[in-house]
Amino acid sequence: MSKTIEEINEKIRQGKALVLTAEEIIDYVAEKGVKKATQEVDVVTTGTFGPMCSSGAYFNIGHTKPRIKLGGGKAYLNDVPVYVGLAAVDFFLGAAALPEDDPRNKIYPGKFSYGGAYVIEELVAGKDVRLTATAYGTDCYPRKTLETYISLKDMNEAVLFNIRNAYQNYNVAVNLSDRVIYTYMGVLQPRMGNATYCSAGQLSPLLNDPYYKTIGIGTRIFLGGGIGYIVGNGTQHNPDVKRTDEGVPKMPAGTLAVKGDLKMMSPRWLRGTSFTGYGVTLTVGIGVPIPILNEEILRYTLVKDEEIWTQVVDYSEAYPQFIPGSLGEVNYHQLKSGKIIIQGKEVPTSGLSSYVRAKEIAQILKGWIEAGKFFLTKPVELLPSVDSGVVFKPLKERPIRKK
Amino acid sequence: MQKKRVVLNYPPHIVEQPVISKLVKDFDLTVNILRAHVTPREEGRLVLEITGKRQTLEAGINYLRELGIEVQPLAQDVRWYEDRCTHCTACISICPPKALDVNRKTMEVFFKREKCIACGLCIPVCPYHAMEILF
């Protein structure tokens, strides 16, 4: 028994597709069995809402009169620097970019209360931001300064383009030292006073298609409240890691690069985020639909929190010094219970990724498909999987000799 | 017996007077200082948990007010902005009295203000600025 994407889309068109979330499918199959469910269910929707630092957006702001060439100059949105190493009026804003006068960690721990991600959130909310720029001036682009308010609707293109999102599984962070540390995994109390984790677990997109058998370039997705597309594997994509017998990675593995029209998105699903002592990041909402093409694909979507294991990593020494190793393995059922046992010690847990919002995304995407507003796509190419030979290398430094 | 969590605002001239000991000795109240910020000759701010009989508790608070000390319930000074909260649960593992906690079934975060001791630990921990303490 197998289905094609075309057949599923036809059912969506007729309003007859059966769509369940990655949470709902678990009980559905427990009741109906895999065979029957494979016949009946057309799509399983996933969701995740967590901080994803390698996010950003590019813009084309339209030409000024007289013309200005921002490329090679300097430009800022609400004092946050944007990347202008492009043509005249294109630039890229990174989520983690900070205003130049932000004290960073000079007053430790820094607050990082504003940055690129907040500019993105404000733009998506329809607000005006201040664009200030200086340029060197050329014969064809004579203007040298620009100061104006600008909003999303003024721009030609405004595109969210995130080069690494939706990590397939992630570390659990603890702190073995005897002082508080401030990390991208949150504030970690000394001597394993707490543990933080960051995954939607059983709802997470790539954990429901662990070998990327349906997800690839061109997959249409829920992105930031609007519609987006997977444009390829994300950076640091690392498929060939230790996995369970069912294929679920037991450590961070695959990642996604995604894009979508910022003008269609919503500030509820793109949130500026501050990690004390670390920096600014963007919390992104992503939902990927998984077409139930056959029994195998369905089985992958049945993954439960207790079947997803991950590694506990010390962020006071092992992580910063890049020392491999794990303090133990825990699953998401344990993590979500509020406490885990690490090396005999009971440690309270906190999430960084919102399960409540992940569930909401899976429901919204389900609603779009049921309403015939969202159709599935057949990827142009699947993401590199375990056998691709793709590896995630550390930097091999080659010291520069002084002449 | 009743228990109240209050914030006291001392005007400068009272900062150097023994006020809390009076509450204990004259009004027979149990006082637990949760937080204190006192600058000599300027001002003072105290967060107290006061326990005692209803009548003496009221009398004690009246005594403070008559001295010119502003007394207000603690809950007023701690805010959880639910619209900013994403229910990530980052705050849950550091909140000592479990005023911030999560419904494990729905994974929704909630704030029980009567349990809050205004320690402020949640402030730097919340990535979405959803917690605020007004002192």
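The values are calculated or read from the model by the stated rules, or taken from the named source; none is laboratory data. Keep in mind that this is a model prediction, so the values were computed, not measured. Cβ: placed from backbone, ideal geometry, glycine included. Neighbour counts: every protein chain shown. Heads up: the accessible areas ignore ligands, DNA and RNA and are worked out on the full protein's heavy atoms, side chains in. Shrake-Rupley method; radii C 1.70, N 1.55, O 1.52, S 1.80 Å.
Tell me the residue from A:315, A:300, A:278 that is more than 13 Å from chain B (Cβ to nearest Cβ) and farther than 30 Å from residue A:44 by Cβ, please. After applying the criteria, what remains is A:315. Specify the residue that is surrounded by the fewest Cβ atoms within 10 Å (Cβ to Cβ); the eligible residues are those in the stretch A:27-68 that are in contact with a Cys (Cβ under 9 Å, 6 or more places away or on another chain) and not aromatic (Phe, Trp, Tyr). Filtering the stretch A:27-68 for residues that are in contact with a Cys (Cβ under 9 Å, 6 or more places away or on another chain) and not aromatic (Phe, Trp, Tyr), the one surrounded by the fewest Cβ atoms within 10 Å (Cβ to Cβ) comes out as A:67. No other residue among B:124, B:96 is within 14 Å of the chain's Cα centre (by Cα) and either part of a helix (DSSP H, G or I) or more than 23 Å from residue B:11 (Cβ to Cβ) (or both) apart from B:96.
Residue pairs whose Cβ atoms lie under 7 Å apart, sitting 6 or more positions apart in sequence or on different chains, and linking a residue in the stretch A:45-71 that is within 16 Å of residue A:259 (Cα to Cα) to a partner that is in a strand (DSSP E or B) and among the basic types (Lys, Arg), are A:54/A:164.
Of all the criteria given as (1) over 22 Å from the mean Cα position of the chain (by Cα); (2) in a strand (DSSP E or B), the one not satisfied by residue A:93 is (1).
Can you go through A:115, A:71 and tell me which one is small (Gly, Ala, Ser), open to solvent by less than 50 Å² (accessible area, probe 1.4 Å) and within 14 Å of chain B (Cβ to nearest Cβ)?
A:115
Using the structure shown, decide if residue A:23 is under 30 Å from residue A:292 (Cα atoms), surrounded by 15 or more Cβ atoms within 10 Å (Cβ to Cβ) and charged (D, E, K, R). It is true that residue A:23 is under 30 Å from residue A:292 (Cα atoms), surrounded by 15 or more Cβ atoms within 10 Å (Cβ to Cβ) and charged (D, E, K, R).
Considering only the stretch A:331-367, state which residues are aliphatic (A, V, I, L, M) and within 14 Å of chain B (Cβ to nearest Cβ). A:335, A:340, A:342, A:347, A:352, A:356, A:358, A:361, A:362 - these are the residues of the stretch A:331-367 that are aliphatic (A, V, I, L, M) and within 14 Å of chain B (Cβ to nearest Cβ). Looking at the structure I just gave you, is residue B:77 modelled with pLDDT under 95 and out of contact with any helix residue (DSSP H, G or I) (no Cβ under 9 Å at 6 or more places or on another chain)? Considered against the rule, which asks whether it is modelled with pLDDT under 95 and out of contact with any helix residue (DSSP H, G or I) (no Cβ under 9 Å at 6 or more places or on another chain), residue B:77 comes out as yes. Evaluating residue A:352 against the criteria (1) open to solvent by less than 20 Å² (accessible area, probe 1.4 Å); (2) over 20 Å from residue A:255 (Cα atoms) leaves one unmet condition, (2). Name the residue that is nearest to the other protein chains (Cβ to nearest Cβ), counting only residues in the stretch A:167-189 that are within 28 Å of residue A:46 (Cα to Cα) and touching a Pro at 6+ places or on another chain (Cβ under 8 Å). Ranking the qualifying residues of the stretch A:167-189, first place goes to A:186. Against the test of being under 19 Å from residue A:356 (Cα atoms), surrounded by 18 or more Cβ atoms within 10 Å (Cβ to Cβ) and either without any contact (Cβ under 8 Å) to a residue 60 or more places away in the chain or in contact with a Pro (Cβ under 8 Å, 6 or more places away or on another chain) (or both), the options B:91, B:95 yield a single qualifying residue, B:91.
Within the stretch A:1-13, the set of residues being closer than 16 Å to residue A:368 by Cβ and out of contact with any strand residue (DSSP E or B) (no Cβ under 7 Å at 6 or more places or on another chain) comprises A:9, A:11, A:12, A:13.
Testing residue A:108 on (1) crowded, with 22+ Cβ neighbours inside 10 Å; (2) within 14 Å of chain B (Cβ to nearest Cβ), one condition comes back false. Which one is that? All conditions are met except number (1).
Among all residues of the stretch A:135-156, there is at least one that is surrounded by fewer than 24 Cβ atoms within 10 Å (Cβ to Cβ), among the acidic types (Asp, Glu), outside any loop (DSSP other than H, G, I, E, B) and away from every other protein chain (no Cβ under 14 Å).
Among the residues of the stretch A:346-396, those that are in contact with a Pro (Cβ under 8 Å, 6 or more places away or on another chain) and within 20 Å of residue A:239 (Cβ to Cβ) comprise A:383, A:384, A:385, A:386, A:388, A:390. Taking the stretch B:12-50 as the region of interest, how many residues are over 12 Å from the mean Cα position of the chain (by Cα) and open to solvent by 30 Å² or more (accessible area, probe 1.4 Å)? Of the residues in that region, 22 qualify.
Conditions (1) open to solvent by 20 Å² or more (accessible area, probe 1.4 Å); (2) out of contact with any strand residue (DSSP E or B) (no Cβ under 7 Å at 6 or more places or on another chain); (3) within 13 Å of chain A (Cβ to nearest Cβ); (4) assigned to a loop (DSSP other than H, G, I, E, B), marked per residue:
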site: B:59; (1), (2), (3), (4): yes, yes, no, no
site: B:62; (1), (2), (3), (4): yes, yes, no, no
site: B:71; (1), (2), (3), (4): no, no, no, no
site: B:82; (1), (2), (3), (4): yes, yes, yes, yes
site: B:102; (1), (2), (3), (4): no, no, yes, no
site: B:106; (1), (2), (3), (4): yes, yes, yes, yes
site: B:114; (1), (2), (3), (4): yes, yes, no, no
site: B:128; (1), (2), (3), (4): no, no, yes, yes
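The conditions are (1) surrounded by fewer than 18 Cβ atoms within 10 Å (Cβ to Cβ); (2) closer than 23 Å to residue A:185 by Cβ; (3) over 17 Å from the mean Cα position of the chain (by Cα), and residue A:248 fails exactly one of them. Which is it? Exception for residue A:248: condition (1).
What are the residues in the stretch A:1-17 that are in contact with an Asp or Glu (Cβ under 9 Å, 6 or more places away or on another chain) and outside any helix (DSSP H, G or I), if any?
Passing the criteria: A:1, A:2, A:3, A:15, A:16, A:17.
For the stretch A:288-337, the set of residues classified as surrounded by fewer than 18 Cβ atoms within 10 Å (Cβ to Cβ) and within 22 Å of residue A:359 (Cα to Cα) consists of A:299, A:304, A:306, A:307, A:333, A:337, listed by residue number. Restricting A:70, A:20 to those that are outside any strand (DSSP E or B), of a type in the set (A, V, I, L, M, F, W, C) and modelled with pLDDT of 95 or more reduces the list to A:70. Just checking, does the stretch A:377-384 include any residue being closer than 30 Å to residue A:27 by Cα, more than 14 Å from every other protein chain (Cβ to nearest Cβ) and either open to solvent by 90 Å² or more (accessible area, probe 1.4 Å) or acidic (Asp, Glu) (or both)? Scanning the stretch A:377-384, I find at least one residue that is closer than 30 Å to residue A:27 by Cα, more than 14 Å from every other protein chain (Cβ to nearest Cβ) and either open to solvent by 90 Å² or more (accessible area, probe 1.4 Å) or acidic (Asp, Glu) (or both), so the answer is yes. Going through (1) away from chain B (no Cβ under 14 Å); (2) open to solvent by less than 20 Å² (accessible area, probe 1.4 Å) one by one, residue A:235 falls short only on (2).
Scanning the stretch A:209-232 for residues that are open to solvent by 10 Å² or more (accessible area, probe 1.4 Å) and of a type in the set (A, V, I, L, M) returns A:217, A:227, A:231.
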